[in-house]
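Participant: Sharing a structure below in structure tokens format, with a few things to ask.
The values are calculated or read from the model by the stated rules, or taken from the named source; none is laboratory data. Quick caveat, the model's predicted, so the values are computed rather than measured. Neighbour counts are summed over all protein chains in view; Cβ atoms, including those assigned to glycine, are modelled from backbone coordinates with ideal geometry. Side chains are part of the model used for accessible areas, which takes the heavy atoms of the whole protein and leaves out ligands, DNA and RNA. Shrake-Rupley method; radii C 1.70, N 1.55, O 1.52, S 1.80 Å.
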Amino acid sequence: MYVCICRAVTENEVHECIAAGATSAKQVRDTTGAGGDCASCVRKICAILKRSEDLVTTA
């Protein structure tokens with residue numbers, strides 16, 4: 001599923017970015033471009049970051 005329609009960035013690409021070490025929406029944007037245009041996807045990116053952070057802290 002697309003997270004960022006403007007830049008055609010998928011949820012998988014965001015997860016890969018996080019797995020590579022991104023810890024903020026800005027880092028995701030710098031790597032993938034997601035959130036760099038209209039920024040309507042930034043909330044979704046933040047939610048994905050939060051979910052991945054929660055998974056790490058509970059594991």
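Participant: When the stretch 10-47 is examined, which residues are found to be surrounded by 19 or more Cβ atoms within 10 Å (Cβ to Cβ), part of a helix (DSSP H, G or I) and either in contact (Cβ under 8 Å) with a residue 24 or more places away in the chain or basic (Lys, Arg) (or both)?
Facilitator: Result: Val14, Ile18, Ala25, Arg29, Thr32, Ile45.
Participant: Quick check on Ala39: is it under 15 Å from Cys6 (Cα atoms) and of a type in the set (A, V, I, L, M, F, W, C)?
Facilitator: yes
Participant: Filter the stretch 48-59 down to the residues that are under 19 Å from Met1 (Cβ atoms) and open to solvent by 90 Å² or more (accessible area, probe 1.4 Å) and list them by number.
Facilitator: Lys50, Arg51, Leu55
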